[in-house]
Amino acid sequence: MSIIEVNHLTKKYGTTEVLKDINLEIYQGEVFGFVGHNGAGKSTFIHTITGITNKSSGSFTIMGFSDRQLNHVKKRIGVMPDVSNLYENMKGLNFLRYMGKLAGDKRNKPELKTLMKEVGLEGAAQKKIKSYSFGMKKKICIAQALLGNPDLIILDEPTSGIDPESAIKIRDLVIKLKEEGKTIFLTSHNLDEIDKVSDRVGILSDGEIKKLGTPRQLKEDKGAGVTISVRTKPILQKDDIQKLSEKMNTDIIFMEAKRDSTLLQVPSEEDLPEVSKKIIQSDVHLYEMKIEERSLEEVFMNA
Amino acid sequence: MIHILTREFLESFKSVRSILIILFITFVSYQSATFIDSNPGLIQEIVKIGGEEGTVYTAAIALIVLILGFLFVFATSHDLINKEIELKTMRLLVTKTSRVQIMVGKFLGTLLFWVATITISFAVIFIISGSWFLKDYFHSFVFLFYIVSFVVLVSTVFTKSKLTMFLGILFGIALPILGLASAVSNNWYLVPFKYLLPYRYLEGSIALMFVPIVIGAFYFLISVFIMQRKDL
(Lines give C-alpha, C1' and ligand atoms only; values in the text may rest on other atoms or scores of the structure.)
Protein backbone atom coordinates (compact mmCIF):
# COMPACT_ATOMS: atom_id res chain seq x y z
CA MET A 1 0.00 0.00 0.00
CA SER A 2 1.32 3.45 -0.97
CA ILE A 3 1.82 5.97 1.80
CA ILE A 4 3.04 8.64 -0.60
CA GLU A 5 2.08 8.74 -4.26
CA VAL A 6 3.55 11.51 -6.37
CA ASN A 7 2.38 12.13 -9.94
CA HIS A 8 4.13 14.47 -12.39
CA LEU A 9 5.16 16.80 -9.57
CA THR A 10 6.86 19.97 -10.74
CA LYS A 11 8.17 22.90 -8.76
CA LYS A 12 9.44 26.09 -10.34
CA TYR A 13 11.05 29.12 -8.78
CA GLY A 14 10.59 31.78 -11.41
CA THR A 15 11.80 30.15 -14.61
CA THR A 16 14.03 27.62 -12.81
CA GLU A 17 12.51 24.16 -12.67
CA VAL A 18 13.74 22.62 -9.42
CA LEU A 19 11.58 19.49 -9.56
CA LYS A 20 10.84 18.07 -13.00
CA ASP A 21 7.92 15.74 -13.47
CA ILE A 22 8.59 13.60 -10.40
CA ASN A 23 6.72 10.30 -10.21
CA LEU A 24 7.24 8.27 -7.07
CA GLU A 25 5.50 5.80 -4.81
CA ILE A 26 6.57 5.12 -1.25
CA TYR A 27 5.13 2.06 0.41
CA GLN A 28 3.91 1.55 3.94
CA GLY A 29 6.56 0.34 6.34
CA GLU A 30 9.56 0.90 4.10
CA VAL A 31 12.62 3.07 4.59
CA PHE A 32 13.03 5.09 1.43
CA GLY A 33 16.38 6.79 0.91
CA PHE A 34 16.60 9.85 -1.29
CA VAL A 35 20.08 10.64 -2.54
CA GLY A 36 21.26 13.62 -4.52
CA HIS A 37 24.00 16.21 -4.63
CA ASN A 38 23.51 19.69 -3.18
CA GLY A 39 20.84 21.54 -5.12
CA ALA A 40 19.45 18.35 -6.68
CA GLY A 41 16.00 19.15 -5.28
CA LYS A 42 15.80 16.81 -2.25
CA SER A 43 14.79 19.50 0.24
CA THR A 44 12.44 21.16 -2.26
CA PHE A 45 10.74 17.80 -2.70
CA ILE A 46 10.29 17.48 1.07
CA HIS A 47 9.08 21.09 1.33
CA THR A 48 6.55 20.50 -1.43
CA ILE A 49 5.03 17.31 -0.04
CA THR A 50 4.86 18.73 3.49
CA GLY A 51 3.17 22.00 2.53
CA ILE A 52 6.11 24.32 3.19
CA THR A 53 6.11 25.34 -0.45
CA ASN A 54 3.38 25.10 -3.05
CA LYS A 55 3.71 22.81 -6.05
CA SER A 56 3.75 24.31 -9.53
CA SER A 57 1.96 21.40 -11.18
CA GLY A 58 1.23 17.71 -10.75
CA SER A 59 -0.26 16.12 -7.69
CA PHE A 60 0.49 13.91 -4.72
CA THR A 61 -1.39 11.96 -2.09
CA ILE A 62 -0.26 11.12 1.42
CA MET A 63 -2.05 8.27 3.20
CA GLY A 64 -4.86 8.60 0.70
CA PHE A 65 -5.33 12.34 1.18
CA SER A 66 -4.70 14.59 -1.80
CA ASP A 67 -2.33 17.56 -1.66
CA ARG A 68 -5.35 19.82 -1.20
CA GLN A 69 -6.32 17.84 1.91
CA LEU A 70 -2.82 17.81 3.37
CA ASN A 71 -3.97 19.53 6.58
CA HIS A 72 -6.08 16.46 7.46
CA VAL A 73 -3.01 14.28 7.59
CA LYS A 74 -0.32 16.59 9.05
CA LYS A 75 -0.64 15.14 12.54
CA ARG A 76 0.27 11.72 11.15
CA ILE A 77 3.49 13.02 9.56
CA GLY A 78 6.64 13.83 11.50
CA VAL A 79 8.94 16.15 9.62
CA MET A 80 12.51 16.79 10.63
CA PRO A 81 13.30 20.26 9.35
CA ASP A 82 16.60 21.97 8.82
CA VAL A 83 18.31 23.06 12.06
CA SER A 84 17.87 26.67 11.03
CA ASN A 85 14.10 26.33 11.53
CA LEU A 86 14.27 26.02 15.32
CA TYR A 87 13.03 28.45 17.98
CA GLU A 88 16.52 29.35 19.22
CA ASN A 89 15.35 31.22 22.32
CA MET A 90 13.29 28.34 23.67
CA LYS A 91 14.59 25.76 26.08
CA GLY A 92 14.78 22.28 24.59
CA LEU A 93 12.01 20.85 26.72
CA ASN A 94 9.69 23.84 26.21
CA PHE A 95 10.25 23.61 22.47
CA LEU A 96 9.23 19.96 22.46
CA ARG A 97 6.19 20.73 24.65
CA TYR A 98 5.04 23.43 22.22
CA MET A 99 5.64 21.28 19.15
CA GLY A 100 4.03 18.34 20.95
CA LYS A 101 0.86 20.32 21.60
CA LEU A 102 0.68 21.26 17.92
CA ALA A 103 1.25 17.63 16.93
CA GLY A 104 -1.41 16.40 19.37
CA ASP A 105 1.20 14.65 21.51
CA LYS A 106 0.03 13.85 25.04
CA ARG A 107 3.47 13.21 26.58
CA ASN A 108 4.19 14.90 29.91
CA LYS A 109 7.52 16.47 30.89
CA PRO A 110 9.21 13.26 32.16
CA GLU A 111 8.12 11.42 29.00
CA LEU A 112 9.51 14.20 26.83
CA LYS A 113 12.78 14.01 28.74
CA THR A 114 12.83 10.28 27.97
CA LEU A 115 12.39 11.11 24.29
CA MET A 116 15.29 13.55 24.53
CA LYS A 117 17.38 10.83 26.11
CA GLU A 118 16.47 8.42 23.30
CA VAL A 119 17.88 10.78 20.69
CA GLY A 120 20.97 11.55 22.77
CA LEU A 121 19.97 14.83 24.39
CA GLU A 122 20.19 13.80 28.00
CA GLY A 123 20.72 16.79 30.30
CA ALA A 124 19.87 19.37 27.63
CA ALA A 125 16.20 19.85 28.55
CA GLN A 126 16.64 23.15 30.38
CA LYS A 127 19.22 24.64 28.04
CA LYS A 128 18.23 27.14 25.38
CA ILE A 129 18.42 25.76 21.86
CA LYS A 130 20.76 28.55 20.79
CA SER A 131 23.35 27.12 23.18
CA TYR A 132 23.13 23.67 21.54
CA SER A 133 25.84 22.38 19.24
CA PHE A 134 24.99 21.63 15.60
CA GLY A 135 24.67 17.93 16.40
CA MET A 136 22.36 18.61 19.35
CA LYS A 137 20.16 20.78 17.14
CA LYS A 138 19.93 17.91 14.66
CA LYS A 139 18.88 15.62 17.48
CA ILE A 140 16.14 17.92 18.76
CA CYS A 141 14.88 18.22 15.18
CA ILE A 142 14.61 14.44 15.08
CA ALA A 143 12.91 14.36 18.50
CA GLN A 144 10.25 16.84 17.39
CA ALA A 145 9.62 14.77 14.24
CA LEU A 146 8.74 11.82 16.49
CA LEU A 147 6.13 13.79 18.46
CA GLY A 148 2.54 12.67 18.02
CA ASN A 149 3.63 9.13 17.15
CA PRO A 150 3.46 9.74 13.37
CA ASP A 151 3.00 6.96 10.82
CA LEU A 152 5.23 8.67 8.29
CA ILE A 153 8.56 10.20 9.34
CA ILE A 154 10.45 12.48 6.98
CA LEU A 155 14.07 13.05 7.90
CA ASP A 156 16.12 15.57 5.93
CA GLU A 157 19.80 14.66 6.27
CA PRO A 158 19.53 13.50 9.89
CA THR A 159 23.16 12.53 10.30
CA SER A 160 25.00 15.16 8.31
CA GLY A 161 27.41 17.15 10.46
CA ILE A 162 27.17 14.96 13.54
CA ASP A 163 29.71 12.70 15.20
CA PRO A 164 29.95 9.03 14.10
CA GLU A 165 28.67 7.69 17.43
CA SER A 166 25.52 9.83 17.25
CA ALA A 167 25.10 8.94 13.57
CA ILE A 168 25.10 5.23 14.46
CA LYS A 169 22.58 5.92 17.24
CA ILE A 170 20.30 7.72 14.79
CA ARG A 171 20.69 4.93 12.26
CA ASP A 172 19.68 2.43 14.95
CA LEU A 173 16.70 4.63 15.78
CA VAL A 174 15.63 4.58 12.12
CA ILE A 175 15.84 0.77 12.11
CA LYS A 176 13.84 0.62 15.37
CA LEU A 177 11.15 2.90 13.92
CA LYS A 178 10.94 0.71 10.83
CA GLU A 179 10.50 -2.33 13.06
CA GLU A 180 7.61 -0.51 14.75
CA GLY A 181 5.94 -0.27 11.34
CA LYS A 182 6.69 3.36 10.57
CA THR A 183 7.35 4.53 7.05
CA ILE A 184 10.52 6.54 6.81
CA PHE A 185 11.55 8.93 4.07
CA LEU A 186 15.16 9.83 4.47
CA THR A 187 17.57 12.04 2.58
CA SER A 188 21.30 11.84 3.05
CA HIS A 189 24.66 12.51 1.49
CA ASN A 190 26.00 9.49 3.32
CA LEU A 191 25.53 6.76 0.73
CA ASP A 192 26.85 4.07 3.03
CA GLU A 193 24.17 4.94 5.55
CA ILE A 194 21.45 4.98 2.88
CA ASP A 195 22.68 1.61 1.67
CA LYS A 196 22.51 0.15 5.18
CA VAL A 197 19.06 1.33 6.25
CA SER A 198 17.02 1.80 3.08
CA ASP A 199 14.67 -0.71 1.52
CA ARG A 200 14.57 1.37 -1.64
CA VAL A 201 16.62 4.25 -2.93
CA GLY A 202 15.87 7.08 -5.33
CA ILE A 203 18.67 9.05 -6.93
CA LEU A 204 17.70 12.62 -7.66
CA SER A 205 19.75 14.74 -10.01
CA ASP A 206 18.85 18.14 -11.44
CA GLY A 207 15.29 17.76 -10.23
CA GLU A 208 14.73 14.39 -11.87
CA ILE A 209 14.71 10.88 -10.45
CA LYS A 210 17.48 9.17 -12.40
CA LYS A 211 17.46 5.81 -10.63
CA LEU A 212 14.96 4.05 -8.42
CA GLY A 213 15.06 0.62 -6.82
CA THR A 214 16.41 -1.43 -3.95
CA PRO A 215 20.10 -0.82 -3.19
CA ARG A 216 20.86 -4.30 -4.63
CA GLN A 217 18.90 -3.60 -7.83
CA LEU A 218 20.76 -0.36 -8.34
CA LYS A 219 24.11 -1.94 -7.72
CA GLU A 220 23.32 -4.79 -10.09
CA ASP A 221 21.87 -2.51 -12.74
CA LYS A 222 23.05 -4.19 -15.94
CA GLY A 223 22.58 -1.06 -17.95
CA ALA A 224 25.39 0.57 -16.01
CA GLY A 225 27.92 -2.16 -16.86
CA VAL A 226 29.92 -4.56 -14.75
CA THR A 227 32.89 -3.55 -12.67
CA ILE A 228 35.72 -6.08 -12.68
CA SER A 229 39.00 -6.31 -10.87
CA VAL A 230 41.85 -7.73 -12.98
CA ARG A 231 45.10 -8.88 -11.32
CA THR A 232 47.89 -8.98 -13.89
CA LYS A 233 51.61 -8.61 -14.24
CA PRO A 234 52.45 -5.99 -15.32
CA ILE A 235 49.46 -4.03 -14.03
CA LEU A 236 47.22 -2.77 -16.80
CA GLN A 237 47.27 0.97 -17.27
CA LYS A 238 44.89 3.35 -18.95
CA ASP A 239 46.56 3.04 -22.36
CA ASP A 240 46.39 -0.77 -22.21
CA ILE A 241 42.68 -0.63 -21.51
CA GLN A 242 42.15 1.80 -24.35
CA LYS A 243 43.93 -0.60 -26.74
CA LEU A 244 41.90 -3.48 -25.36
CA SER A 245 38.71 -1.55 -25.94
CA GLU A 246 39.72 -0.80 -29.54
CA LYS A 247 40.65 -4.45 -30.20
CA MET A 248 37.31 -5.68 -28.89
CA ASN A 249 35.38 -2.81 -30.38
CA THR A 250 33.58 -2.50 -27.06
CA ASP A 251 33.42 0.25 -24.46
CA ILE A 252 35.77 -0.78 -21.71
CA ILE A 253 36.27 1.91 -19.13
CA PHE A 254 39.45 2.23 -17.11
CA MET A 255 38.47 3.12 -13.55
CA GLU A 256 41.48 2.80 -11.32
CA ALA A 257 44.91 1.16 -11.21
CA LYS A 258 45.58 -0.23 -7.73
CA ARG A 259 48.81 -1.65 -6.28
CA ASP A 260 48.35 -5.11 -7.81
CA SER A 261 45.19 -4.91 -9.87
CA THR A 262 43.15 -2.73 -12.18
CA LEU A 263 39.47 -1.81 -11.95
CA LEU A 264 37.59 -1.79 -15.25
CA GLN A 265 34.05 -1.45 -16.34
CA VAL A 266 32.75 -3.64 -19.15
CA PRO A 267 29.32 -3.41 -20.74
CA SER A 268 28.12 -6.86 -19.58
CA GLU A 269 29.12 -10.19 -18.04
CA GLU A 270 29.04 -11.75 -21.53
CA ASP A 271 32.11 -9.73 -22.45
CA LEU A 272 34.27 -11.26 -19.72
CA PRO A 273 35.58 -14.37 -21.63
CA GLU A 274 36.62 -12.20 -24.54
CA VAL A 275 38.27 -9.67 -22.20
CA SER A 276 40.32 -12.39 -20.50
CA LYS A 277 41.28 -13.87 -23.90
CA LYS A 278 42.51 -10.53 -25.23
CA ILE A 279 44.47 -9.78 -22.06
CA ILE A 280 46.27 -13.12 -22.31
CA GLN A 281 46.95 -12.55 -26.02
CA SER A 282 48.59 -9.23 -25.19
CA ASP A 283 51.49 -10.94 -23.39
CA VAL A 284 50.29 -10.03 -19.95
CA HIS A 285 50.11 -12.60 -17.18
CA LEU A 286 46.54 -12.82 -15.92
CA TYR A 287 46.30 -14.16 -12.37
CA GLU A 288 42.78 -13.26 -11.34
CA MET A 289 39.65 -11.65 -12.71
CA LYS A 290 36.60 -11.10 -10.54
CA ILE A 291 33.38 -9.15 -10.62
CA GLU A 292 33.29 -6.32 -8.07
CA GLU A 293 29.97 -5.42 -6.51
CA ARG A 294 29.34 -1.78 -7.24
CA SER A 295 28.91 0.56 -4.33
CA LEU A 296 25.92 2.85 -4.16
CA GLU A 297 28.40 5.65 -4.58
CA GLU A 298 29.34 4.36 -8.04
CA VAL A 299 25.67 4.06 -8.93
CA PHE A 300 25.19 7.62 -7.74
CA MET A 301 28.19 8.90 -9.68
CA ASN A 302 26.94 7.23 -12.85
CA ALA A 303 23.35 8.43 -12.47
CA MET B 1 -4.76 26.95 16.84
CA ILE B 2 -5.36 27.38 20.57
CA HIS B 3 -1.71 26.62 21.30
CA ILE B 4 -0.47 29.23 18.83
CA LEU B 5 -2.99 31.73 20.29
CA THR B 6 -1.84 30.99 23.85
CA ARG B 7 1.83 31.29 22.96
CA GLU B 8 1.28 34.53 21.04
CA PHE B 9 -0.76 35.99 23.92
CA LEU B 10 1.74 35.05 26.62
CA GLU B 11 4.80 36.04 24.55
CA SER B 12 3.25 39.50 24.02
CA PHE B 13 3.57 40.17 27.76
CA LYS B 14 7.25 39.23 27.81
CA SER B 15 8.68 42.17 25.86
CA VAL B 16 9.75 45.35 27.62
CA ARG B 17 7.96 47.41 24.98
CA SER B 18 4.63 45.71 25.74
CA ILE B 19 5.01 46.12 29.48
CA LEU B 20 5.82 49.82 29.09
CA ILE B 21 2.77 50.32 26.86
CA ILE B 22 0.49 48.55 29.35
CA LEU B 23 1.89 50.62 32.21
CA PHE B 24 1.49 53.83 30.22
CA ILE B 25 -2.14 53.15 29.25
CA THR B 26 -3.05 52.02 32.76
CA PHE B 27 -1.31 54.99 34.39
CA VAL B 28 -2.99 57.54 32.11
CA SER B 29 -6.40 55.88 32.62
CA TYR B 30 -5.92 55.94 36.38
CA GLN B 31 -4.76 59.55 36.49
CA SER B 32 -7.56 60.85 34.26
CA ALA B 33 -10.23 58.84 36.08
CA THR B 34 -9.13 60.10 39.51
CA PHE B 35 -8.99 63.66 38.17
CA ILE B 36 -12.53 63.41 36.76
CA ASP B 37 -13.76 61.72 39.95
CA SER B 38 -12.42 64.52 42.10
CA ASN B 39 -14.06 67.14 39.84
CA PRO B 40 -17.78 66.17 39.65
CA GLY B 41 -18.61 69.63 38.31
CA LEU B 42 -16.72 68.80 35.14
CA ILE B 43 -18.95 65.77 34.49
CA GLN B 44 -22.10 67.86 34.99
CA GLU B 45 -20.83 70.53 32.58
CA ILE B 46 -20.13 67.95 29.90
CA VAL B 47 -23.43 66.17 30.45
CA LYS B 48 -25.19 69.56 30.11
CA ILE B 49 -23.70 70.13 26.65
CA GLY B 50 -24.84 66.69 25.52
CA GLY B 51 -21.88 64.55 26.53
CA GLU B 52 -22.06 61.22 28.34
CA GLU B 53 -20.67 60.51 31.78
CA GLY B 54 -18.82 57.49 30.48
CA THR B 55 -17.14 59.49 27.72
CA VAL B 56 -15.66 61.80 30.34
CA TYR B 57 -14.12 58.96 32.30
CA THR B 58 -12.86 57.08 29.26
CA ALA B 59 -11.70 60.13 27.27
CA ALA B 60 -8.04 59.49 28.02
CA ILE B 61 -8.06 55.84 27.00
CA ALA B 62 -10.12 56.70 23.90
CA LEU B 63 -7.55 59.30 22.88
CA ILE B 64 -4.71 56.84 23.39
CA VAL B 65 -6.42 54.21 21.25
CA LEU B 66 -7.45 56.66 18.52
CA ILE B 67 -4.18 58.55 18.26
CA LEU B 68 -1.54 56.11 19.44
CA GLY B 69 -3.32 52.82 18.72
CA PHE B 70 -1.67 52.21 15.34
CA LEU B 71 1.75 53.15 16.67
CA PHE B 72 1.48 50.96 19.76
CA VAL B 73 0.19 47.87 17.93
CA PHE B 74 2.81 48.23 15.20
CA ALA B 75 5.50 48.71 17.85
CA THR B 76 4.70 45.38 19.47
CA SER B 77 3.40 43.30 16.56
CA HIS B 78 4.78 44.61 13.24
CA ASP B 79 6.73 41.36 12.80
CA LEU B 80 3.92 39.06 13.91
CA ILE B 81 4.00 37.01 10.69
CA ASN B 82 7.15 37.99 8.80
CA LYS B 83 9.53 37.31 11.70
CA GLU B 84 8.54 33.63 11.70
CA ILE B 85 9.03 33.55 7.93
CA GLU B 86 12.43 35.28 8.23
CA LEU B 87 13.57 32.92 10.98
CA LYS B 88 12.07 29.99 9.06
CA THR B 89 10.24 28.78 12.17
CA MET B 90 7.07 29.13 10.10
CA ARG B 91 8.28 26.06 8.18
CA LEU B 92 8.14 24.11 11.39
CA LEU B 93 4.62 25.31 12.20
CA VAL B 94 3.18 24.49 8.79
CA THR B 95 4.35 20.89 9.08
CA LYS B 96 2.20 20.56 12.21
CA THR B 97 -0.91 22.59 11.46
CA SER B 98 -2.67 24.49 8.68
CA ARG B 99 -1.68 27.97 7.59
CA VAL B 100 -5.20 29.23 8.34
CA GLN B 101 -4.94 27.99 11.93
CA ILE B 102 -1.54 29.64 12.32
CA MET B 103 -2.92 32.95 11.07
CA VAL B 104 -6.07 32.76 13.21
CA GLY B 105 -4.02 31.78 16.27
CA LYS B 106 -1.59 34.64 15.82
CA PHE B 107 -4.32 37.16 15.07
CA LEU B 108 -6.48 36.19 18.06
CA GLY B 109 -3.47 35.93 20.39
CA THR B 110 -2.45 39.49 19.55
CA LEU B 111 -6.01 40.81 19.70
CA LEU B 112 -6.47 39.15 23.08
CA PHE B 113 -3.34 40.86 24.37
CA TRP B 114 -4.72 44.27 23.41
CA VAL B 115 -8.18 43.46 24.73
CA ALA B 116 -6.53 42.43 28.01
CA THR B 117 -4.59 45.70 28.05
CA ILE B 118 -7.67 47.91 27.64
CA THR B 119 -9.64 45.70 30.01
CA ILE B 120 -7.08 46.48 32.71
CA SER B 121 -7.60 50.22 32.06
CA PHE B 122 -11.39 49.90 32.05
CA ALA B 123 -11.15 47.88 35.28
CA VAL B 124 -9.16 50.74 36.84
CA ILE B 125 -11.83 53.21 35.69
CA PHE B 126 -14.51 50.88 37.06
CA ILE B 127 -12.85 50.83 40.49
CA ILE B 128 -12.77 54.64 40.56
CA SER B 129 -16.12 55.48 38.93
CA GLY B 130 -18.13 52.42 39.95
CA SER B 131 -19.38 51.94 36.36
CA TRP B 132 -18.23 49.79 33.44
CA PHE B 133 -18.70 51.92 30.33
CA LEU B 134 -19.68 49.23 27.88
CA LYS B 135 -20.16 51.40 24.79
CA ASP B 136 -16.68 52.95 25.10
CA TYR B 137 -15.22 49.54 25.83
CA PHE B 138 -16.81 48.22 22.64
CA HIS B 139 -15.47 51.26 20.73
CA SER B 140 -11.95 50.46 21.84
CA PHE B 141 -12.41 46.80 20.96
CA VAL B 142 -13.63 47.66 17.44
CA PHE B 143 -10.71 49.99 16.91
CA LEU B 144 -8.17 47.46 18.11
CA PHE B 145 -9.74 44.71 16.00
CA TYR B 146 -9.28 46.93 12.96
CA ILE B 147 -5.69 47.87 13.83
CA VAL B 148 -4.59 44.30 14.60
CA SER B 149 -6.11 43.09 11.29
CA PHE B 150 -4.26 45.85 9.45
CA VAL B 151 -0.98 45.01 11.19
CA VAL B 152 -1.39 41.32 10.30
CA LEU B 153 -1.95 42.32 6.66
CA VAL B 154 1.18 44.51 6.58
CA SER B 155 3.23 41.81 8.29
CA THR B 156 2.06 39.24 5.75
CA VAL B 157 2.52 41.36 2.63
CA PHE B 158 5.99 42.62 3.53
CA THR B 159 8.39 39.82 4.35
CA LYS B 160 11.16 41.94 5.89
CA SER B 161 10.63 42.80 9.55
CA LYS B 162 12.91 45.85 9.31
CA LEU B 163 10.68 47.24 6.59
CA THR B 164 7.50 46.66 8.60
CA MET B 165 9.11 48.39 11.58
CA PHE B 166 9.71 51.43 9.40
CA LEU B 167 6.24 51.21 7.84
CA GLY B 168 4.78 50.79 11.32
CA ILE B 169 6.21 54.12 12.43
CA LEU B 170 5.04 55.73 9.19
CA PHE B 171 1.52 54.30 9.41
CA GLY B 172 1.40 54.89 13.15
CA ILE B 173 1.86 58.62 12.61
CA ALA B 174 0.12 59.11 9.25
CA LEU B 175 -3.05 57.04 9.63
CA PRO B 176 -4.45 58.79 12.76
CA ILE B 177 -3.82 62.16 11.11
CA LEU B 178 -5.47 61.06 7.85
CA GLY B 179 -8.29 59.30 9.69
CA LEU B 180 -9.17 62.20 11.95
CA ALA B 181 -8.79 64.72 9.14
CA SER B 182 -10.98 62.70 6.80
CA ALA B 183 -13.65 62.34 9.49
CA VAL B 184 -14.14 66.13 9.61
CA SER B 185 -13.19 67.12 6.07
CA ASN B 186 -14.74 66.51 2.65
CA ASN B 187 -11.57 66.97 0.60
CA TRP B 188 -11.63 64.52 -2.31
CA TYR B 189 -8.20 63.10 -1.53
CA LEU B 190 -9.29 62.21 1.98
CA VAL B 191 -12.44 60.38 0.87
CA PRO B 192 -10.81 56.90 0.64
CA PHE B 193 -9.40 57.30 4.15
CA LYS B 194 -12.80 58.41 5.42
CA TYR B 195 -14.33 55.10 4.38
CA LEU B 196 -11.39 52.77 4.89
CA LEU B 197 -10.21 53.96 8.29
CA PRO B 198 -12.36 53.35 11.36
CA TYR B 199 -12.52 56.92 12.75
CA ARG B 200 -15.76 58.16 11.18
CA TYR B 201 -17.67 55.01 12.15
CA LEU B 202 -17.09 55.49 15.88
CA GLU B 203 -19.44 58.44 16.20
CA GLY B 204 -22.42 56.82 14.54
CA SER B 205 -24.95 54.23 15.56
CA ILE B 206 -24.02 50.87 17.06
CA ALA B 207 -24.64 49.24 13.66
CA LEU B 208 -22.12 51.57 12.03
CA MET B 209 -19.46 50.42 14.49
CA PHE B 210 -19.57 47.00 12.87
CA VAL B 211 -18.22 48.45 9.61
CA PRO B 212 -14.58 48.59 10.87
CA ILE B 213 -15.00 44.98 12.02
CA VAL B 214 -16.10 44.01 8.51
CA ILE B 215 -13.18 45.92 6.95
CA GLY B 216 -10.79 44.37 9.49
CA ALA B 217 -12.13 40.89 8.72
CA PHE B 218 -11.60 41.62 5.03
CA TYR B 219 -7.96 42.61 5.70
CA PHE B 220 -7.50 39.39 7.61
CA LEU B 221 -8.99 37.30 4.79
CA ILE B 222 -6.59 38.95 2.33
CA SER B 223 -3.72 38.10 4.71
CA VAL B 224 -4.81 34.45 4.83
CA PHE B 225 -5.16 34.37 1.05
CA ILE B 226 -1.60 35.73 0.62
CA MET B 227 -0.23 33.39 3.27
CA GLN B 228 -1.77 30.34 1.57
CA ARG B 229 0.17 31.14 -1.59
CA LYS B 230 3.52 31.89 -0.01
CA ASP B 231 6.52 29.60 -0.37
CA LEU B 232 8.04 29.54 3.09
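Taking 27 Å as the limit for the C-alpha separation, the pairs A:Lys74/B:Lys230; A:Lys219/B:Lys88; A:Lys138/B:Lys83; A:Lys113/A:Lys196; B:Lys162/B:Lys194 exceed it in the case of A:Lys219/B:Lys88; A:Lys113/A:Lys196; B:Lys162/B:Lys194.
What percent do you get for the relative contact order of chain B when only Cα pairs under 8 Å and 6+ apart count? Numbers along the way, then the final one.
Values: 269 pairs, mean separation 64.5, N = 232.
This gives 28 percent for chain B.
For chain A, the longest principal axis of the Cα atoms and the long axis of helix A:134-145 meet at an angle of about 70 degrees.
Just checking the listed ones, B:Trp188, B:Trp132, B:Trp114: in the Gaussian network model of chain B with Cα springs under 10 Å, the one fluctuating most is B:Trp188.
Comparing Cα centroids, region B:84-100 and region B:106-179 end up 25 angstrom apart.
Per-residue mean of foreign Cβ neighbours for B:95-103 is 6 (Cβ atoms of other chains, 10 Å radius).
Quote the total accessible area buried by chains A and B together, excluding ligands, DNA and RNA, probe 1.4 Å, nearest 100 Å².
2100 Å²
For the pair A:Met1 and A:Glu25 in one chain, pulling the backbone fully straight at 0.36 nm per residue adds 7.7 nm over the alpha carbon distance. Between B:Asn186 and A:His8, the simple label model (points 7 Å from Cα in the Cβ direction) yields a spacing of 6.0 nm. Ordering A:Ile209, A:Gly33, A:Ala257 by the projection of their Cα atoms onto the charge dipole of chain A, which places +1 on the Cβ of Lys and Arg and -1 on the Cβ of Asp and Glu, puts A:Gly33 at the extreme positive end. The mean sequence separation of alpha-carbon pairs under 8 Å and at least six residues apart, normalised by the residue count of region B:123-203, gives a relative contact order of 21 percent. Using a 1.4 Å probe on the protein chains only, how many percent of the accessible area of chain B belongs to carbon and sulfur? The C+S portion of the solvent-accessible surface of chain B is 73 percent. Springs between Cα atoms under 10 Å define the GNM used for chain B, and in it the highest mean-square fluctuation of B:Thr110, B:Thr164, B:Thr34 occurs at B:Thr34.
Among A:Thr227, A:Thr214, A:Thr250, the largest mean-square fluctuation in a Gaussian network model of chain A, built with springs joining Cα atoms closer than 10 Å, belongs to A:Thr250.
Among the residues of B:83-90, the average count of other protein chain beta-carbon atoms within 10 Å of the residue beta-carbon is 3.
Basic side chains Lys and Arg get +1 at the Cβ, acidic Asp and Glu get -1 at the Cβ, and with that the dipole of the protein assembly as shown about its Cα centre reaches some 1200 debye.
Could you work out how far helix A:109-118 tilts from the main Cα principal axis of chain A, as a 0 to 90 degree angle to the nearest 10? That works out to roughly 10 degrees.
Take the Cβ atoms of B:Thr34 and B:Ile206, set R0 to 30 Å, and the FRET efficiency comes out at 0.50.
Working from label points 7 Å from Cα in the Cα-to-Cβ sense, the A:Asp206 to B:Leu163 distance is 3.4 nm.
Given +1 at the Cβ of Lys and Arg, -1 at the Cβ of Asp and Glu and no other charges, the dipole of chain A around its Cα centre is 1760 debye to the nearest 20. The mean sequence distance of close C-alpha pairs (under 8 Å, at least 6 residues apart), as a share of the length of chain A, puts its relative contact order at 19 percent. In this label model, A:Thr16 and A:Tyr287 are separated by 5.2 nm, measuring between points 7 Å along each Cα→Cβ vector. Full extension of the segment from A:Ala257 to A:Asn89, taken as 0.36 nm per residue of separation minus the current Cα-Cα distance, would add 55.1 nm. Give me the angle, in degrees from 0 to 90, between the Cα long axis of helix A:164-179 and the longest principal axis of the Cα atoms of chain A, rounded to the nearest 10. The two axes meet at around 80 degrees. Rolling a 1.4 angstrom probe over the protein heavy atoms with all chains in place gives region A:2-219 an accessible area of 42 Å² per residue. Just report the Cα centroid separation between region A:14-79 and region A:191-207, whole Å. Taking the Cα centre of region A:191-207 as reference, the centre of region A:14-79 is 16 Å away.
A Förster radius of 56 Å, combined with the Cβ-Cβ distance separating A:Lys277 from A:Ser59, puts the computed FRET efficiency at roughly 0.55.
The values are calculated or read from the model by the stated rules, or taken from the named source; none is laboratory data. Just so we're clear, the structure is a prediction, and the values are computed from it rather than from any experiment. When we count neighbours, we look across all protein chains shown, and the Cβ atoms used for this are built from the backbone with ideal geometry, even at glycine. When the accessible area is computed, the model is the full protein with side chains, heavy atoms only, and any ligands, DNA or RNA have been set aside. Shrake-Rupley method; radii C 1.70, N 1.55, O 1.52, S 1.80 Å.
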